Amino acid sequence: MGCTGLAALPATATGAAAGDVSVQYHTGSTGSDQAEPWLKVKNTGTSAVALSGVKLRYYFKAESASATYRFACSWAVKGCGNITGTFGTLAHPTATADRYLEIGFTPGAGSLAAGADSGDLQLRFHRSDWQSVNQNDDYSFGAAQSSYANWTKVTAQLDGATVWGTAPEGNDPTDPTDPTDPTDPPGDGASLFDDFNYTKHDDPAISAHGWNVRSNSGGPGVPGATWAPQNVTFSASGGNSVMNLETSTAGTGESTKQTEVLTKAMKFKNGTYAARVKFSDAPKSGPDGDHLVQTFFTINDLKAPMADDYAEYDFEYLPNGGWGEPSNILYATSWETYNPDPWQAVNQHTESRQSYAGWHDLVVTIDDNSIKYYVDGQPFGTHDAAYLPERPMSINFNQWLIDLAGQTSTTPRAYDQQVDYVLHVKDQVLTPAQVAAKVAAYRSAGTAFEDTVPSS
C-alpha cells in the first residue's frame, strides 16, 4: 500500500527456511478497500506445536506516515476469538514495507499435530478512515495468489525463533529491540498504583491517596439521581482487596443511587493506563434490564462547547444495551470534543457486541502517535492522532443509568461493578504483559499504593 507499481509475486514461493512450521497464503481480495491475507499454518515437524507459540508477520507499505489501520478476522477454523492481530512499524523501512501485521494465537487455539495445519485464517485489515489502500507495492501481497500455496514473504516465529520466511531486508522479526518483544516492565517511570486496600468509603487513606468518592450532584445519568458514596465498599476477592461500586434504582430518578470514584488531580496524560475490572450482566438483586453503564476512563473538563483541548478515553460496558443498542456492547471511545446542547460529538470508537460479564484486564496506551486499547491482553482498538490529549486528565470509575426505559418496574434492584487495581505509568507505553508483570511486582513487594506522578 502506498505508491503505485504492479509486480505480482509468483504463485508459489520457494526457498523456505528450515523449521517446524510453514505458512501458506492466498489473497482474499485484490481490491482497494481492504487487504485480505488468508493464511494457513502447517506443522512440518515431528511433534505437536502449540499455536500460542506461533507469530506470523505480513509486511506492507503504509499509504502515509500518519495512516492507521484496523484488523479483523472474518472467519477461522480455530475461531476468530482465538486469533489476534497487532500492527507494528519496521525499524528499517524498504520500498515495499514500513509496517507489518502480526498474527498471534491465544491458548484456546490449541495445538497442531505433526503434519496438521490450522485451516483457514480469513483475515483482513483496512485504514481506520476507510480511505483506499494500494496493495500492489506491499512486500507480502501476491495478486496472482488465488489458492493456498507456500509463501515465504510471510514470516513465522515459533517460540521466539524465526522458522519460516524472509522479512524485508534488515528487519529480522526476532530483533530484540522490536517493541512487541519485551515482557519485563521498565524499572523507572513515574507511576500511580492502587490495590484499593481500604476499609470503607470514608477511610481517610482514600482521600490521602488522592481519590474522591463522589457525592456531588450532576450528570451523567438519570435526572434526579444521586451519587451515593456509602455504596462504594471494599472486600477481599481472590486473595486481593477489591473496590465495589453499587448502583441501585426502584425505577424513579429519586430512587436511583449511582457511584463514582475519581482522582482529585488532573495530572495524567501520555503513558499507560490499566485496571482489572469485573463487569456484571445481571443485578445482584431485583429484575434485570436497566440501561446500565460500567466504566473505566480518563477525562478532563470541557471548558466551552466544542473546545479543542477536551480529552476523554473510555471503556464503557452496557450489559443491557442503551443508546440505541439492543443488548451487550463494550465501547472504547477516544474523544476530541463535544457540544452538550444541541448534542454534537467528535470522537472515534471501537465496539464489540457480546457479553463481557466477569473480570477483564483493561489497558489504554497513549503516545504521540495514537491511542490503543487492549482487553485481556488482546488489541481491541487503535485510534488516530487527531484524538490525542492536549491537557492532563483525571482517572475515573463509575456505574450509572442512561435512562429508566430498559426496565420500568418499581421493584428495587442493584448492580455491582468491581475494581481490583489501577495502574498508570507516565510517558511509557507498556504492553499488557508488562502491565501484568509490574502489578505482580508491586504485590510481591507488598506495595498496596504508590503515587510518584508529579502534579501537572
Run the accessible area of the chain with a 1.4 Å probe and give the carbon-and-sulfur part as a rounded percent. 50 percent
Net charge of neighbours whose Cβ lies under 11 Å from the Cβ of Gln407, counting Lys and Arg as +1 and Asp and Glu as -1: -2
Quick check for me: using +1 on Lys/Arg Cβ and -1 on Asp/Glu Cβ, what's the dipole size of the chain about its Cα centre, in debye to the nearest 20? 660 debye
Tell me the accessible surface of Lys200 in square angstrom (1.4 angstrom probe, heavy atoms of protein chains only), to the nearest ten. 110 Å²
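At 0.36 nm per residue, minus the direct Cα-Cα distance, what do Ser111 and Asp368 gain on full extension? Give it in nm, one decimal, please.
Taking Ser111 through Asp368 to full extension adds about 88.7 nm, to one decimal.
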Packing-based order for 191-197, 221-227, using average beta carbon neighbours within 10 Å, highest first: 191-197, 221-227
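Which FRET efficiency value, to the nearest 0.05, is calculated for Ala95 and Asn197 with the Förster distance at 56 angstrom and r the Cβ-Cβ distance?
So, using R0 = 56 Å, E works out to roughly 0.50.
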For Ser64 and Lys303, what is the calculated FRET efficiency with R₀ set at 35 Å and r taken between the beta-carbons, to the nearest 0.05? 0.65
Are there any GluC sites (Glu not before Pro) in the stretch 215-268 that are in a DSSP loop and have at most 14 other Cβ atoms within 10 Å? List them by number. Glu254
Can you give the accessible area of Val429, probe radius 1.4 Å, in Å² rounded to 10? 80 Å²
Could you work out the relative contact order of the chain, using alpha carbon pairs under 8 angstrom and six or more residues apart, expressed as a whole percent? 18 percent
For Asp172 and Arg391 in one chain, what is 0.36 nm times their gap in residues minus the Cα-Cα distance, to one decimal in nm? 75.0 nm
Degrees, to the nearest 10: 432-444 long Cα axis against longest axis of the chain: 50 degrees
Stretchable slack from Thr411 to Lys284, in nm (0.36 nm times residue separation minus alpha-carbon distance): 44.4 nm
Determine how large the accessible area of Ile402 is when every protein chain is in place; take a 1.4 Å probe and give Å² rounded to the nearest 10. 30 Å²
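The values are calculated or read from the model by the stated rules, or taken from the named source; none is laboratory data. All figures in this text were calculated on a predicted structure; none of them were measured in a lab. Using ideal geometry, Cβ is built from the backbone for each residue, glycine included, and neighbour counts are taken over all protein chains shown. Just so you know, the surface numbers come from the protein's heavy atoms only, side chains and all, with ligands and any DNA or RNA stripped out. Shrake-Rupley method; radii C 1.70, N 1.55, O 1.52, S 1.80 Å.
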